[in-house]
Amino acid sequence: MNFSSKLLENAVNEVAQLPGIGKRTALRLVLHLLKQPKSQTHNLASSLNNLVDNIKFCKKCHNISDIDICEICANPSRNGEIICVVEDVRDVMAIENTSQYKGLYHVLGGKISPIEGVGPQNLTIESLIEKVKLGTVKEVIFALSSTIEGDTTNFYIFKQLEKLAIKTSTIARGIAVGDELQYADEITLGRSIINRIPFDKSF
């Protein structure tokens with residue numbers, strides 16, 4: 001792809017690094033931004049800079065937050081005896097949209113995937129185990145996607161928790177095998193959480 005401007009080429013190359021964005025789509029997006037008022041593009045750039053410089057991760061659940069303790073963890077009406085284990089913030093948002101879950105969360109930051117070089121040490125599994133060891137948590141719900149990586153991660157955490165004599169459950173398989181949690185419709189996802197089953201009976 002030949003560019004008439006080095007500035008344009010640099011911008012396209014940066015946008016093309018985003019997931020699912022190829023060079024042609026990146027070019028279309030950059031040209032669109034050039035057609036907008038400069039103030040709009042400056043606002044976009046400012047928002048991204050502000051996000052990168054000031055975003056925090058909740059010290060309790062690792063969810064993305066504006067403050068050290070996220071609003072969910074700081075909410076006294078949430079049930080602190082139940083923790084729902086999810087892959088990332090998109091899953092928290094998906095479950096919250098169902099209005100069916102009133103416990104707390106633990107965001108792993110990914111799934112175990114040897115092919116991609118992601119092991120247990122790259123996730124927040126250790127802090128989850130330490131949290132459970134405090135004795136206030138009564139149930140851990142596994143809500144990872146129904147994929148090989150998700151099932152592997154679930155089983156690994158289950159084995160770590162097994163000796164702690166805590167209740168473990170997994171969302172019902174209303175979510176099709178291979179589906180990502182974030183793409184499930186709210187009704188199906190809500191029912192899957194309500195009708196969760198003991199984890200050791202899911203395999």
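The values are calculated or read from the model by the stated rules, or taken from the named source; none is laboratory data. Predicted, not measured: the structure shown is a model, and the values here were computed from it. A quick note on method: Cβ atoms are made from the backbone with ideal geometry, for glycine too, and the neighbour counts reach across all protein chains shown. For the accessible areas, the whole protein counts, side chains as well, though only heavy atoms, and no ligand, DNA or RNA atoms are used. Shrake-Rupley method; radii C 1.70, N 1.55, O 1.52, S 1.80 Å.
Calculate the translational D of the chain in whole µm² s⁻¹ from Stokes-Einstein, where the hydrodynamic radius comes from the Kirkwood formula applied to all Cα pairs, the temperature is 10 °C and the viscosity 1.306 mPa s. Walk me through the intermediate numbers first.
Numbers: Rh = 19.2 Å.
Answer from the Stokes-Einstein relation: 83 µm²/s.
Along the axis of the charge dipole computed for the chain (Cβ charges of +1 for Lys and Arg, -1 for Asp and Glu, origin at the Cα centre), the listed residues Thr153, Asn97, Ala11 are led at the positive end by Ala11. To make sure I understand the rule: partners must be lysines, Cα under 23 Å from the Cα of Lys167, and not fewer than 8 residues away in the same chain. Which ones qualify? Qualifying lysines at Cα under 23 Å: Lys60, Lys102, Lys111, Lys131, Lys133, Lys138, Lys159, Lys201.
Here the ratio of the Cα radius of gyration of segment 50-132 to 2.2 N^0.38 Å is 1.12.
Each of Arg24 and Ile69 was given a label point 7 Å from its Cα along the Cα-to-Cβ line. The distance between the two points is 5.2 nm. Mean-square fluctuations from a GNM of the chain, with a 10 angstrom spring cutoff on Cα atoms, peak among Asn54, Asn43, Asn75 at Asn43. Between Lys167 and Phe57, how high is the FRET efficiency from 1/(1 + (r/R0)^6) when r is the Cβ-Cβ distance and R₀ = 25 Å? Nearest 0.05. Once the sixth-power term is evaluated, E becomes 0.40.
For Gln160 and Asn79, what does the FRET efficiency come to when R0 = 35 Å and r is the distance between their Cβ atoms, rounded to the nearest 0.05? Intermediate results must be reported in sequence, preceding the final value.
On the way: r = 22 Å, r/R0 = 0.64.
The computed FRET efficiency comes out at 0.95.
Accessible surface area normalised per residue over the chain is 61 Å², counting heavy atoms of protein chains with a 1.4 Å rolling probe.
How much of the accessible area of the chain, probe 1.4 Å, is carbon plus sulfur, in whole percent? Let's see the in-between values first.
On the way: 6710 of 12450 Å².
It is 54 percent, rounded to a whole number.
Using heavy atoms of the protein chains and a probe of 1.4 Å, the accessible area assigned to Cys73 is about 20 Å². Considering only Ser169, Ser65, Ser46, the Gaussian network model of the chain with Cα springs below 10 Å gives its largest mean-square fluctuation to Ser46.
Just to be sure I understand: of the beta bridges DSSP finds with both ends in segment 1-128, what percent are antiparallel, rounded to 5?
Numbers: 3 of 8 bridges.
Rounded to the nearest five, the antiparallel share is 40 percent.
Centre-to-centre separation between the Cα atoms of segment 109-159 and those of segment 11-79: 26 Å.
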